[in-house]
Amino acid sequence: MGSKAQSTKGRSFQKPKGTRDFYPLELLRRRYVTETWRAVSIRHGFEEIDGPTFEHAELYTVKSGEGILSELFSFSREGGDDLYALRPEFTPTLARMYAAQAASLPKPCRWFCIPNFFRAERPQRGRLREFCQWNCDIIGEGFGTALDGELEIVAVGALSTLGMTPTNCQVSNFHRNIWTRIFGHAGIPEQQFASWFDWVDRYFRLTPEQRMEYALRFGASQKQVTDMTGVVQVMNGEAQAQAGSIDEHVIREVTAPSAAALAAVSDHFRDTGFDGWFKWDATLVRGLAYYTGTVFEVLAEGERAIAGGGRYDNLIELFGGPATPACGFGMGDVVLGNLLTDHGLMPGADGDAGALMDAVQNVTTGALGSVSLRPDVFVVSADEDADGDVVPLVAQLRRGVESDTWRERGGKPWDADRYAIPPMHARPTDKATRNLKKLLQDAERARARFCAIVHTEGRVQLKDLDKREDLAHPSKGDWSASPVDEHYVGRRWSAIRNG
RNA sequence: GUGGCUGUAGCUCAGCUUGGUUAGAGCACCAGGUUGUGGUCCUGGGGGUCGCGGGUUCAAAUCCCGUCAGUCACCCCA
């Protein structure tokens, strides 16, 4: 080590711009994040997939136009005609894969992947040319309207597991159709919608004067700018509508259907115990033209978006599949890594290799909750009055119960004693039926080990699906859906798993 | 594609404004010693094309030009 390592022969090589070398400690840090992503995905009922690292370049230009080629690493075989490109995102691959098998896939289909992506951009903080990104997508309709909310909760679940809280991190939400309706109502021609989305997107990055100038340049009128400024202010709750702009009641009326969809997302945050994370932001529209409904971004102070996603209801069709609604998000490892490090939430950031090894060990082998590919429990409702208890119970089981000792100590997210009851793989049904027999079939088809049947007043009946027998509580008979109870149903298979 | 900052030992950096003897520090590494077997302390040691190229000068890490690389921001953001 101490002697001169470089030979006078040979030349030295540098890693390509915007790429990273992962020495042992760095790779462990990455695994801490990716294994957490994986565990959280599985617990939320998502299945892991992957696709090729490169695709026909056309797959990307068909969606985004030829202009995107300059941001791709593209190549062709020596003497070959086909142009390929390293994948810059997963959505086209996903749409292609889904379209190819659409008829035989379950509806909805919950898929995740944690692949590397490549973009030929200029690197800067939080943006590299090769990075790792977690993608979660729900494709196809369930009976519920909560698909978007369900999806967002997965992202929040991961951040929460990694130690982020609503005080330093929130999910900004909006619905693109709120704007298209407003645009329509304001008499803006459809060809100008894209420009107006850009305008909305830049709202907080430009001064009022710049906003006016920007709008006039693409052919808007002064009145329209005044109107839209008023709409942003009303929507964000910053002010009453100003004189001369669109009346607040009119705004509410025009946008009611889309606002209701957003409210459903907000409700889902509440039902799953993540209320504080949800935020409205009327200026959040996201650049991509393919979003058709809700759009969201996970934001934290001082960082670019940690995750972003939304609803894309006509993309599967674009890739040759049947018309299928879908929503998804992506979360990159670069920004997240910066964020965790800055908040003291990255194990081994101080070079403590032992702590880092323990952290990865805990995440992967079970001290923090083993990840069962088979669902630990399938939760169904036996009574209409208990329907509303399913989502909260599933969320509670997936979250686990943190231990008092850990909480009082102010422990780190990766500490082995974090949970009194570890997080589990829990699933609700996607079926609309109330037929208990069918619901149990659904549970067996999902290969669940147990089924929790929720009755009124938080009573839970527990079945071992492998042994086909009921597991009654020794003294109370039924179990409880409330984690504060001694006979909380989560305790039962927490005990089973620990032997 | 545009702009700001940076590039000196394996790592983190000082020195550059006001050019001038063998270019420094801490950590790391190696050797020896001390401490009654490991993270203490002491002593010594190896290791540097001062990113690269050109220019100005008697003399350049230092000033000027170019170039490459890194980084941050803009553009863009799937």
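Sort A:Glu457, A:Glu121, A:Glu141 from largest to smallest accessible area, using a 1.4 Å probe on the heavy atoms of the protein chains. Please report the intermediate quantities before stating the final value.
Working: A:Glu457 170, A:Glu121 40, A:Glu141 95 Å².
The residues order as A:Glu457, A:Glu141, A:Glu121, largest area first.
Between amide H atoms placed 1.01 Å from N, distances below 5 Å from A:Gln170 occur with A:Leu299, all of them 5 or more places distant or on a separate chain. Here the 3J(HN,Hα) profile of the range A:45-53, calculated from phi with Karplus coefficients 6.51, -1.76 and 1.60 at θ = phi - 60°, is x, 9, 10, 7, 9, 7, x, x, 6 Hz, Gly and Pro shown as x. The charge dipole of the range A:361-499, taken about its Cα centre with unit charges on the Cβ of Lys, Arg, Asp and Glu (plus for the first two, minus for the last two), comes to roughly 580 debye.
Just to confirm, what accessible area per residue do you get for chain A at 1.4 Å probe, in whole Å²?
Numbers: 23800 Å² over 499 residues.
Computed with neighbouring chains in place, this is 48 Å² per residue.
Kirkwood hydrodynamic radius of the range A:371-499 from all distinct Cα pairs, in Å? It would help to have the intermediate numbers written out before the result.
Numbers: mean 1/r = 0.0667 Å⁻¹.
After inverting the mean inverse Cα-Cα distance, the result is 15.0 Å.
Of A:Phe90, A:Phe73, A:Phe13, which has the most accessible area and how do the rest follow, probe 1.4 Å? Mind showing how you got there, number by number?
Working: A:Phe90 5, A:Phe73 70, A:Phe13 165 Å².
Ranked list, largest accessible area first: A:Phe13, A:Phe73, A:Phe90.
Eight or more residues apart or on different chains, and alpha-carbon atoms under 26 Å: count the Lys pairs in the range A:371-499 matching that. Number of lysine pairs found: 9.
The figure for A:Ser475 is an accessible area of roughly 100 square angstrom, using a 1.4 Å probe on the protein chains alone. Placing +1 on the Cβ of every Lys and Arg and -1 on the Cβ of every Asp and Glu, with nothing else charged, gives chain A a dipole about its Cα centre of roughly 1360 debye.
Computed over neighbours whose Cβ is under 12 Å from that of A:Leu25, the net charge equals -1, Lys and Arg +1, Asp and Glu -1. Of A:His185, A:His487, the order by accessible heavy-atom surface (1.4 Å probe, DNA, RNA and ligands excluded), from most exposed downward, is A:His185, A:His487.
Each Lys or Arg adds one and each Asp or Glu subtracts one; over the other residues with Cβ under 11 Å from the Cβ of A:Ile42, this totals +2.
Summary of the geometry: the range A:441-499 and the range A:181-196, compared by the centres of their Cα atoms, lie 53 Å apart. In order along the range A:341-354, the Karplus-derived 3J(HN,Hα) couplings, from 6.51 cos²θ - 1.76 cosθ + 1.60 at θ = phi - 60°, round to 4, 5, 9, x, 10, 10, x, x, 5, 8, x, 6, 5, x Hz, and Gly and Pro are given as x. Each listed q (0.13, 0.16, 0.22 Å⁻¹) maps to a log10 I(q)/I(0) for the range A:29-170, found by the Debye formula over equal Cα scatterers with no solvent: -0.70, -1.00, -1.38.
Within the set of other residues whose C-beta is less than 12 Å from the C-beta of A:Asp198, count the net charge using Lys and Arg as +1 and Asp and Glu as -1. Present the calculation step by step, with values, prior to reporting the outcome.
Details: positive: A:Arg202, A:Arg205, A:Arg211, A:Arg217, A:Arg286; negative: A:Asp201.
Its environment carries a net charge of +4.
Using just its DSSP H runs of length 4 or more, each adding -39500 (n - 2.57), chain A gives a mean residue ellipticity at 222 nm of -11000 deg cm²/dmol after division by all residues.
Shown here are the Rg and Dmax of the Cα trace of the range A:24-370, at 21.2, 66 Å. Centre-to-centre separation between the Cα atoms of the range A:23-76 and those of the range A:208-233: 38 Å. Secondary structure note: in the range A:371-499, about 55% of the DSSP beta bridges are antiparallel. With Cα atoms as the point set, the range A:286-445 shows a radius of gyration and Dmax of 20.1, 56 Å.
The values are calculated or read from the model by the stated rules, or taken from the named source; none is laboratory data. Please read these numbers as outputs of a predicted model, since none were measured by experiment. Every residue, glycine as well, gets a Cβ built from its backbone with ideal geometry; the counts of neighbours run over all protein chains shown. We work out accessible area using only protein heavy atoms, side chains counted, and drop any ligands, DNA or RNA first. Shrake-Rupley method; radii C 1.70, N 1.55, O 1.52, S 1.80 Å.
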